Amino acid sequence: MKVAISATGDTVESSVDSRFGRCSFFAIFDTDTHNVKFITNTAAESSQGAGPAAVQLLAGNQVQQVVSGEFGMKVKPLLEQLSIKMLNLQNGQHTILDVLKQFK
Amino acid sequence: MNNKKPGFTIAVASGKGGTGKTFISTNLFNTLQKYSYKVTLVDCDAEEPNARQFTGGKKVSTKLVTQLVPVIDESKCVYCGKCFEYCTYNAIFFVKEARMIRVLDDLCHGCGACTVACEPYGAIHEKEDELGTVNHYEITPGVTVVEARTKVGVHSSVKVVKEAIRSAYDADVVVLDSPPGTSCPFIQTVASADFVVLVTEPTPFGMSDLKQSVETLRHMGKPCGVIVNRAGLGTNEVYDYLSSEQLPLLMNIPFDRSIARIYSEGNLLTEQDDGWQMQFNLMYNLITERYGISCNKW
Ligand code: SF4
Ligand code: SF4
């Protein structure tokens, strides 16, 4: 299964970005192979509709679960429709590595 | 009155609701009417227009404001993604792998590009969606109130506000009662103005809203001045701010129960009090003298 985590940078030491649609990068982790790759969130620059555009980006990468700080009203129903699970990470500084460990 | 400028447009705005923005715009409107200007008040607070409760007037016309939105017939769609590529507003949600396609109505600008993109397949047709109405009221010939009213549940009032402002032609002076806040409808409104009157209260809340509005207006290069309403409440911080930022204090309206009562009863202060009428006119003259020269719009 592929898991996407919203990230502030493109290394596992970067922190989790609390914003879903406007994060800079997504870490995409494959729970079967334990490979992680970082993709640029091309949706972040959109003046409007960044959330839905980010959902499309992730769906195109066969992501089945997303970890982020919060999911907006526009984004939730779309993720649900696509059967992509949402995991809310409550406040606190987490690095991408911290999150990845949870999946191992 | 030799400083009359054709179509001079003043927006009356405040960061939040409840500072007396409508009180100012309706009294300015009433004063200008008394001084024989052809004046139009445009109520751009389209979610909750209320200026007419003070001005009255007879309804002369109502115009429906609509937008074309695309509707996708999924039985004809081949999931080619062409419409998605054509849309520059992120308003088409498309995931090829999941065969999922959706129009995101609140992002759609009704440009029609997706319908063109889909011509070979004919899966998209357009339907007309109501956004709201623009209502015209006449007080006396040449003195009118235009009301923008967004339909309940519509996400953005920008288009309705734009239509309302556009329909306020043929006046010497146009007064715009701006929507609260500093987001799109506010920007849309003040963008059409030659001068912006910011109404604030001398409280910490009022101050932070004022600063935000001033910043936004400076960014847009719009000249503005400030009215302190309910003066005497709160602190003097606002006056220090005005002088350090070199912002003109246009009027100081004291906190006064009798003024508050006139307003809460739906009446106009300038209708009942000649002194205030004169003050509003003086303010108008000052604004046009200083900022009316460069007026080159309409
Ligand atoms: S262009 Fe038409 S056929 Fe192609 S994805 Fe869009 S709606 Fe479907
Ligand atoms: S009408 Fe224009 S903005 Fe709306 S979905 Fe189609 S292409 Fe996008």
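Please enumerate the residues belonging to region B:73-99 that are assigned to a strand (DSSP E or B) and either in the same structural domain as B:Glu163 (by TED's automatic domain parsing) or more than 9 Å from ligand 2 (Cβ to nearest atom) (or both). Of everything in region B:73-99, those that are assigned to a strand (DSSP E or B) and either in the same structural domain as B:Glu163 (by TED's automatic domain parsing) or more than 9 Å from ligand 2 (Cβ to nearest atom) (or both) turn out to be B:Phe93, B:Phe94, B:Val95.
Across region B:58-100, the number of residues qualifying as within 14 Å of chain A (Cβ to nearest Cβ), over 30 Å from B:Val161 (Cβ atoms) and more than 9 Å from ligand 1 (Cβ to nearest atom) comes to 5. With the structure loaded, tell me whether B:Asn30 is closer than 25 Å to B:Arg290 by Cα and either at pLDDT 90 or above or of a type outside the set (Ser, Thr, Tyr) (or both) or whether it fails that test. Yes; evaluated as a whole, the condition is true for this residue.
Looking only at residues of region B:101-120 that are among the aliphatic types (A, V, I, L, M), more than 8 Å from ligand 1 (Cβ to nearest atom) and modelled with pLDDT of 90 or more, we find that the one that is nearest to the chain's Cα centre (by Cα) is B:Leu104. Mind checking whether some residue in region B:27-48 is outside any helix (DSSP H, G or I), surrounded by fewer than 19 Cβ atoms within 10 Å (Cβ to Cβ), hydroxyl-bearing (Ser, Thr, Tyr) and out of contact with any Lys or Arg (no Cβ under 6 Å at 6 or more places or on another chain)? The answer is yes; a qualifying residue exists. Within region A:22-49, the only residue that satisfies the criterion of being at the interface with chain B (Cβ under 10 Å from one of its Cβ atoms) and in contact with a strand residue (DSSP E or B) (Cβ under 9 Å, 6 or more places away or on another chain) is A:Gly49. Taking the numbered list (1) of a type outside the set (S, T, N, Q); (2) more than 14 Å from chain A (Cβ to nearest Cβ); (3) out of contact with any Gly (no Cβ under 8 Å at 6 or more places or on another chain) in turn, B:Cys184 passes all entries but (2). Taking A:Gln65 as the residue in question, decide whether it is surrounded by 15 or more Cβ atoms within 10 Å (Cβ to Cβ), polar (S, T, N, Q) and either away from chain B (no Cβ under 13 Å) or under 11 Å from the mean Cα position of the chain (by Cα) (or both). Taking the combined requirement at face value, the residue satisfies it. Flag set for B:Leu104, criterion: within 16 Å of ligand 2 (Cβ to nearest atom) and within 14 Å of chain A (Cβ to nearest Cβ). Looking at region B:203-298, the helices (runs of 4 or more DSSP H) lying wholly inside it that each contain 3 or more residues that are surrounded by fewer than 20 Cβ atoms within 10 Å (Cβ to Cβ) sit at B:204-220, B:237-245, B:257-264, B:274-291.
In region B:117-143, the residues that are over 24 Å from B:Ser167 (Cβ atoms) form Cβ pairs under 6 Å with partners that are in a strand (DSSP E or B), at six or more places apart or across chains, as follows: B:Cys118/B:Ile124; B:Ala123/B:Ile72; B:Ile124/B:Pro70; B:Ile124/B:Ile72; B:His125/B:Val71; B:Glu126/B:Leu68; B:Glu126/B:Pro70; B:Lys127/B:Val71. Taking B:Pro179 as the residue in question, decide whether it is in a loop (DSSP other than H, G, I, E, B) and under 17 Å from the mean Cα position of the chain (by Cα). Against the criterion (in a loop (DSSP other than H, G, I, E, B) and under 17 Å from the mean Cα position of the chain (by Cα)), B:Pro179 qualifies.
The values are calculated or read from the model by the stated rules, or taken from the named source; none is laboratory data. Predicted model, so just to flag it, every value in this text is computed and none were measured. Please note: Cβ atoms are built from the backbone with ideal geometry, for glycine as well, and neighbour counts cover all protein chains shown.
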